[in-house]
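Presented below is the structure to which this report refers.
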Amino acid sequence: MRQLLAGNYAVAEAVRLARVQFVAAYPITPQTPIYEKLSDMENEGRLAGVMMRTESEHSAMAACVSASLTGVRTFTATASQGLALMHEMLHFASGNRAPIVMCNVNRVLAVPWAFGSDQSDSLSQRDTGWLQFYCEDAQEALDTVIQAYRIAESSLLPVLVAIDGFFTSHFIEPVEIPAQEDVDAYLPPFRVPTRFDTDSPAYISNVVSPEQYMGYRQRSFDDMEGTRPIIREANEEYEKIMGRGYGVIEAVDTKGSEVVLAASGAMTGTARVAVAALRARGVAAGLLKMKALRPFPRDEVREALKDVPKVAVIDRNISLGNGGIWCQELKSALYGMSRPPSVAGFIAGICGADVSPDMIEEMVLSALSGKAPLDRPTWVRKG
Amino acid sequence: MARRDITIEDIEPMIPFSRGSTEIFLTGQWSARKPGWVEKTSPCRSACPVGNDIARAFAAASKGRIDEALAIFREENPLPGVCGRVCYHPCEASCNRKDMDEAINIRGFERYLSDHGRVAAGPVRPVRKEKIAVVGSGPAGLSAAYHLARLGFRVTIFEALPEAGGMLMYGIPEYRLPKGVLRKEIGHLRKLGVEIRTGTRVVPEGAGLPSFSSVRRDYQAVFIAVGSHRGALLGVEGEGSSGVRECIAFLRAVALGEKVRVGRRVAVIGGGNTAIDCARTARRLGGNRVTIVYRRSRSEMPALAEDVAAVEAEGIGMELLAAPARIIVKAGRVAGLECVRMRLGAPDGTGRPAPVPVPGSEFVLPVDTVIAAVGQAPEADFLASSGVATTHRGMIEASDTGATGIPGVFAGGDAAGGRAFVADAIGRGKMGALSILCFLEGRDVGAELERLRIGSGPSFSFQRLLEAGRRGADLSDIVTYDRLNTICIPFAKRNKNPERLVSAKPPTTFEEAVKGLPPDRMEAEVSRCFKCGTCTGCDLCFLLCPDVSIVKAKEGGYDVRTDYCKGCGMCASACPRQVIGMGGGR
């Protein structure tokens, strides 16, 4: 069924279709409509599970971890400061191997106080042991949340699905809502056994020796590596049933390109227009859409860029003291290639600042001409 | 895609499980600072000459236990009904609450307890064989007798006047301290086994019995607290004429119910509480122009500011910076008081500015009665032949612990030159009781006093002496305002005792001028009190401890499980009363 939906509502529909049994959350701009829509659904009896209203995001995640360990499918949504407050519990979720799915609506972090889109909130949770997927639009957000449950519950690792605050969360787009029976066919009921047994009580998060600890960490690392085929299969299966799918990257006209623009999230849509315009003017430009941050699609990126001489990366985030985070990740994935491309980083659209197609064309051309520095990011601001 | 379901066996290698107790991990091992639950001492108690455990009494009252609160006062003070009315309340001047809004009405609380609480009087220890004599039944004598009786001694009080109470009975007027209140409290002493022989003056040697030597022979120790019942003279011309009265005799005559008459225009000389009492009494006896004549200014008056205010409210005038020079007598009767204007000079021996006469400034107050309230001295003829050393002003020379030069003879109160306030006299009576205990048991009174002393203040705790085994407060640690957590305490107005309505009509009766607080306002005042240093069992520490390391102790209060406490200090910073404080290691 095709409907006009804001991205936040598309996420809520996915949660409903996934028959999530437990939602714990706290409202925060620009995520609040997800919370409100799920509340409406619960009130109308359309939500399979229950909502728990917590006093903070830290508690919301603690509740999700506990609920997940009792053997139910769980969801939460947050943004910005909320995700930052949750940070400690993100480690508890992955360490306890709780297959929680969370939607983070990217928003800048204070200070100064502001509301626009910025990926720094979720990118700075990179090392908490969660899988991270960045979506281009509302449709992808809906589809990715459903896929995320399949991936999380197969790997016993939590998944974060990120959408851009206001651009994706609030823009109304036509969205194809899958039929419930199709989702049921794709996503079986939650089958992870409860880890709490009242007849034989056990304690989790207990103290272990250094050797034991390292063993658990290595096991988690190996299992994160093991999600690569799971992600691929999950998407292939989804595509088979729904007729839509998304790779961990998407390479558009990269083959034979002189320059490739790497972008992520909602900005990818604009980048598609800009690259098409460049190609129409005879510039051999391609596009690399980055979707997965963790696990990082190392092999896929190397394959897509193996014969490309120049790469421009747009980051809607900034890591002070280095540069854009996607740019760093990309560079490190390319390390050791026999003829790696030169990579120029651009910082643009921080806090949802406007990034127009002509600004993107400028960045691509400056990377192509070699004018853009390679050792530090170029800040691209209007006016 | 056919997938195998995940089983619990799949999960166990992924995340650790423990089925044992986590208590084996002593998570408090790596911190060096630990909190400790120790009750401490409130500044009001430290300031109280009687040493009343005020905060603990407020804590008991906050649970509705009025009788217990009264019993807490009575651990240190036999006369809460008296002090609850006439004390100069240094406690309130030290109250921590004054740094937030207004001091607690502690005196009103003490009065409320004595008016509403039930007293279970009875000896605290087994009766001992030693007999103690107390000479004088004023606040010092009553206090010494009370504490000695509670220690198990057999106590006899010798009182020269027809009724016990000393200045409380014969000096303080009825409108400030109703006789019934005093009689009730003296009655509790009698129930405790104290024998009071009224109308029995100790007389000089050879003048009959009981003489001082006969008392010394019959009793193992003597406490002299004869007060100062002899009023000082003005030392001016015309003092012997009709219409001139001396304050002590004047107040005593009124107390005895004698027909006392004053003229319509009365001058009261002096600036102390006795002058105030005389002026207000004269007003009630029909003096419609009563004037207090004082040689310094208002701020130097020894009387309490609130009593000076009461004087004004009753329409009594004040002639400040004036001293009597001569009483003008016509036909043997007072016809006027010639005064000389004074100015304030350099500080004198008391630290106050010395009044200096202004030459040629004489003026006449047209009065027909003059009441002199300019000082008092002991009135006890037996002292001269007793061997007890006295000063040139007739005061007994006693040490800080009340010892005279004669072994077994101790002294306190006004007669021994103590501060002329009821609370101080009660405090000196306690001191005498402790000194006598130590004398009879051969203990070092100085060491005992240090053990029992409250802060660096004037008093010590008899409760500590009698209940040595109890988990008691640290008497040396006074909780100051900056150590409290008042964040959850709302601002609230002090609940004052209602006063007799000031109207155009002058007071004509001796009805009590200040009333007791009604129960609802007392309850509000009880909740205003911080209970500094006293645990009320509010559970803040228990509830806020992130490591479940504060547990409730069986005997009340809380214990700290230092094995698990990480020393974060939340309990200590949350404790409203500084009962929990951070200390050293485990």
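Please treat every number below as a calculation from the coordinates, not as lab data. Bear in mind that the values here come from a model prediction, so they are computed numbers and not experimental data. Glycine also receives a Cβ, built like all others from the backbone with ideal geometry; neighbour counts cover every protein chain displayed.
Under a 5 Å amide H cut-off, with hydrogens placed 1.01 Å from N, B:VAL290 pairs with B:VAL266, B:GLY317 among residues at least 5 apart or on other chains.
Can you give the angle from 0 to 90° between the axis of helix A:227-242 and the longest principal axis of chain A, with both taken from C-alpha atoms, to the nearest 10? It works out to around 90 degrees. Relative to the Cα centre, the charge distribution of the protein assembly as shown, modelled as +1 at Lys and Arg Cβ and -1 at Asp and Glu Cβ, gives a dipole magnitude of about 4240 debye. Inter-label distance, B:ASP444 to A:VAL208: 6.4 nm, where each label sits 7 Å from its Cα along the C-beta direction. As a proxy for reagent exposure, ranking B:ILE371, B:ILE454 by other Cβ atoms within 10 Å from fewest up yields B:ILE454, B:ILE371. Under 19 Å from a label point set 7 Å out along the Cα-to-Cβ vector of A:GLU88, the amide N atoms of the stretch B:547-577 belong to B:547-550, B:564-574. Taking the longest Cα principal axis of chain A as reference, the axis of helix A:325-334 is set at about 80 degrees.
Shown here: chain A, whose C-alpha atoms stretch 69, 52, 45 Å along the first, second and third principal axes, sorted largest to smallest.
Look at the Cα gyration tensor of the stretch A:9-160: its axes a ≥ b ≥ c give a/c under 1.5, and that counts as rounded.
Could you point to the residue in A:ALA25, B:TYR564, B:ILE248 farthest towards the positive end of the protein assembly as shown's charge dipole, with +1 and -1 charges on the Cβ of Lys/Arg and Asp/Glu respectively? Selected residue: B:ILE248. Which shape class, rounded, prolate or oblate, goes with the stretch A:164-203 when its Cα gyration tensor gives a ≥ b ≥ c as root eigenvalues, a/c under 1.5 marks rounded, and past that a/b bigger than b/c marks prolate? It comes out oblate by the Cα gyration axes. Simple rule: put +1 on each Lys or Arg Cβ and -1 on each Asp or Glu Cβ in the protein assembly as shown, find the dipole, and look at B:SER94, B:ALA377, B:PRO16; the Cα lying farthest toward the positive end is B:ALA377. Report, in listed order, any pair from B:LYS34/B:LYS531; B:LYS496/B:LYS531; B:LYS98/B:LYS496; A:LYS37/A:LYS291 with a Cα-Cα distance greater than 21 Å. Table pairs above 21 Å Cα-Cα are B:LYS34/B:LYS531; A:LYS37/A:LYS291. Out of all DSSP beta bridges with both ends in chain B, state the antiparallel percent to the nearest 5. Restricted to chain B, the bridges split so that about 45 percent are antiparallel. A compact globular protein would have a Cα radius of gyration near 2.2 N^0.38 Å; the ratio found for the stretch B:364-520 is 1.51. Distance between the pseudo-spin-label points of B:ALA389 and A:GLU36 (7 Å out from Cα toward the beta carbon): 9.1 nm.
In plain terms, the residue of B:LEU113, B:LEU177 with the fewest other Cβ atoms within 10 Å comes first and the most crowded comes last, giving B:LEU177, B:LEU113. For the segment B:8-15, counting C-beta atoms of other chains within 10 Å of every residue's C-beta and taking the mean gives 6. Note on the stretch B:441-586: the alpha carbon radius of gyration divided by the globular reference 2.2 N^0.38 Å gives 1.46.
For B:GLU237, the residues 5 or more places off, or on other chains, whose built amide H falls under 5 Å of its own are B:ILE327.
Taking every DSSP beta bridge with both residues inside the stretch A:249-379, roughly what % is antiparallel (nearest 5)?
Once the DSSP bridges in the stretch A:249-379 are tallied, antiparallel ones form about 20 percent.
Answer rounded, prolate or oblate for the stretch B:266-331, using the Cα gyration tensor with square roots of eigenvalues a ≥ b ≥ c: rounded when a/c is under 1.5, else prolate when a/b is larger than b/c, else oblate. Verdict is oblate for the stretch B:266-331. When each of A:ARG298, A:ARG272 is scored by the number of other beta-carbon atoms lying within 10 Å, the sequence from fewest to most is A:ARG298, A:ARG272. Spin-label pair A:ARG53-B:SER399: with each label point 7 Å from Cα along the Cα-Cβ axis, the two points sit 7.4 nm from one another. What is the local net charge at A:ARG316, summed over the other residues whose Cβ is closer than 9 Å to its Cβ (Lys, Arg +1; Asp, Glu -1)? Net charge around A:ARG316: -3.
In the structure shown, the pairs B:LYS430/B:LYS554; B:LYS40/B:LYS191; B:LYS40/B:LYS554; B:LYS40/B:LYS131 are assessed against 25 Å; a Cα-Cα span above that value is assigned to B:LYS430/B:LYS554; B:LYS40/B:LYS191; B:LYS40/B:LYS131.
For the protein assembly as shown, the mean projected area of the C-alpha convex hull, equal to one quarter of the hull surface, is 58.5 nm².
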